[in-house]
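Data first, discussion second: the structure below is written as structure tokens.
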Amino acid sequence: MALEWKTLYWGDLKSIDAATYRIYIQKKMDSTEVVESKEIFFSADSPAIIEWNEVDKLEPVQASSLTLKALSMEDREFIGLYSMEPGEIRAIVYIMKNAVERIPYWSGTLDTELYEEPYAYKDHYEVQFTFSDFAMLDRLKWDCIGLDTIGNIIGHCVSSSEVF
């Protein structure tokens with residue numbers, strides 16, 4: 001069974017300087033499964049924020065997070081995203097050069113512990129998602145042993161975090 005990333009949701013945003021960003025929310029699943037992706041609509045108020053945490057200059061990695069504010073068009077539309085194992089759902093942000101060309105900008109996996117949904121509305125309410133680029137590494141057991149090069153260690157961390 002080969003696993004691959006399949007797009008569940010996608011949506012476009014414009015930046016202040018009118019650049020177009022396309023955001024994909026994907027799930028790792030069997031390559032034979034068929035998925036119909038759905039357009040996601042973002043909140044008008046701060047729809048996407050990428051934050052880089054302040055770290056000491058000696059820290060080897062500066063982690064970041066992406067917070068998306070999306071509109072749930074029906075009751076509990078996104079509830080399925082939060083019943084997954086850590087690392088099974090990711091977001092990828094691309095800068096769109098034109099209708100076909102895109103440049104990868106940011107990628108990270110969903111932090112399922114930060115999900116909340118308002119219960120005061122039946123539909124058309126705002127839901128907030130938080131994705132992290134390297135935070136899921138804190139939940140993984142280190143599985144390498146022995147001496148290795150720093151390049152191999154970084155490569156192992158990047159592939160384990162599934163960030164591109």
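The values are calculated or read from the model by the stated rules, or taken from the named source; none is laboratory data. Since we're looking at a predicted model, the values are computed, not measured. Only protein heavy atoms, including side chains, enter the accessible area calculation; ligands, DNA and RNA are left aside. Shrake-Rupley method; radii C 1.70, N 1.55, O 1.52, S 1.80 Å.
Here are the numbers:
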| item | result |
| --- | --- |
| Residues whose placed amide H lies under 5 Å from that of Arg102, excluding near-sequence neighbours | Lys97 |
| The chain: calculated mean residue ellipticity at 222 nm from DSSP helix runs of at least 4, using -39500 (n - 2.57) | -2500 deg cm²/dmol |
| Helix 150-161 axis, angle to the chain major axis (alpha carbon atoms, nearest 10°) | 30 |
| Antiparallel content of DSSP bridges confined to the chain, in %, to 5 | 95 |
| Average accessible area per residue (Å²) across the chain - probe 1.4 Å, nucleic acids and ligands excluded | 64 |
| Accessible surface of the chain [probe 1.4 Å, protein heavy atoms]: carbon and sulfur percent | 53 |
| Ratio of Rg to Rh over the chain (Cα coordinates, Kirkwood Rh, two decimals) | 0.98 |
| Gaussian network model of the chain, springs between alpha carbon atoms under 10 Å - residue of Lys122, Lys27, Lys141 with greatest fluctuation | Lys141 |
| Top of Glu126, Glu74, Glu36 by mean-square fluctuation, Gaussian network on the chain, Cα under 10 Å | Glu36 |
| Candidate lysines - alpha carbon under 16 Å from Lys6, same-chain residues fewer than 8 apart omitted | Lys27, Lys28, Lys38 |
